[in-house]
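The structure under discussion appears below in the form of structure tokens.
The values are calculated or read from the model by the stated rules, or taken from the named source; none is laboratory data. Being a predicted model, the structure only gives us computed values, none of them experimental. All Cβ positions, glycine included, derive from the backbone under ideal geometry; neighbour counts span all protein chains shown. Just so you know, the surface numbers come from the protein's heavy atoms only, side chains and all, with ligands and any DNA or RNA stripped out. Shrake-Rupley method; radii C 1.70, N 1.55, O 1.52, S 1.80 Å.
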Amino acid sequence: MNFLGHALISLTLDEAQQRHTLYGNFAGDFYKGPLADLALPAALREGVRLHRIIDRLSDRTDNPLYPLLDGFGRYKGIVADMFIDHFLCREFQQLFRQDLPAVAADILHRVAHYRPHFPDAFARTFAWLNAEQMLSRYGDRAVLARAFAGIARRLRQGDILTTATAVLAANDAAFADKAVQAFFQVRRESIAQFLRDDA
């Protein structure tokens, strides 16, 4: 899943366990290499650990979205991640009984506290997420299409991603059901594994 999905899992874990995983989980794609070698305080490295658990679980072959995404080949993980955030945005009030723009603003506010730790590439991405209020806009299919087009330009043979929103439109209800299922499955399993590895 993308930024919103990762953040929502951290909010659940951090509130229940008095942890501080949000920053490392949110920025996890921008930290490479062994956890012990990351230039982060130990408490923040825990968020990167959670991010990597979530990614491993999302990328399993039993991801509920994958049977609907065979045509995307090696890029089906990217499409699945983006679709999950799309449907989390669209169904946010129904799923969580909270106001999405308020929750998204709170996430960005919390992450901004760790600005001294931002890698340069993440600083640029965060500025874009913040300026465009992207966490709460992925529910808009036109915004999603632009995001796929941007990713496609950066990937070799990534043009297939520009067809993702058309595929979504053709089978919206099935994708909605599977995306929400995938999120809650990964949320449950990732938190359980994080705490089990911690024991």
Could you grab the pairs with beta carbons closer than 6 Å, sequence gap of 6+ or different chains, first residue in region 145-161 and within 18 Å of N2 (Cα to Cα), second one assigned to a helix (DSSP H, G or I) and open to solvent by 100 Å² or more (accessible area, probe 1.4 Å)?
A152/D159
For region 116-199, which helices (runs of 4 or more DSSP H) that fit wholly inside it have 3 or more residues that are of a type outside the set (K, R) and closer than 25 Å to R45 by Cα?
120-132, 172-198
Considering only region 151-199, state which residues are open to solvent by 30 Å² or more (accessible area, probe 1.4 Å), under 14 Å from L69 (Cβ atoms) and aliphatic (A, V, I, L, M).
I160, A166, V167, A170, A174
Let me confirm something: among A147, A131, which residue is open to solvent by 20 Å² or more (accessible area, probe 1.4 Å) and out of contact with any strand residue (DSSP E or B) (no Cβ under 8 Å at 6 or more places or on another chain)?
A131
Take region 28-54 and flag every residue that is assigned to a helix (DSSP H, G or I), touching a His at 6+ places or on another chain (Cβ under 9 Å) and more than 16 Å from L195 (Cα to Cα).
G28, D29
Among (1) open to solvent by 20 Å² or more (accessible area, probe 1.4 Å); (2) among the hydrophobic types (A, V, I, L, M, F, W, C); (3) touching a Phe, Trp or Tyr at 6+ places or on another chain (Cβ under 8 Å), the one test that V111 misses:
(1)
Looking at region 17-30, I want the residues that are among the hydroxyl-bearing types (S, T, Y) and have a partner that is assigned to a loop (DSSP other than H, G, I, E, B) with Cβ atoms under 8 Å, at least 6 apart or on another chain. Which pairs are those?
Y23/H113; Y23/Y114
Those residues of region 39-57 which are open to solvent by 20 Å² or more (accessible area, probe 1.4 Å) and either more than 26 Å from A182 (Cα to Cα) or touching a Gly at 6+ places or on another chain (Cβ under 7 Å) (or both), in sequence order:
A39, P41, A42, A43, R45, E46, R52
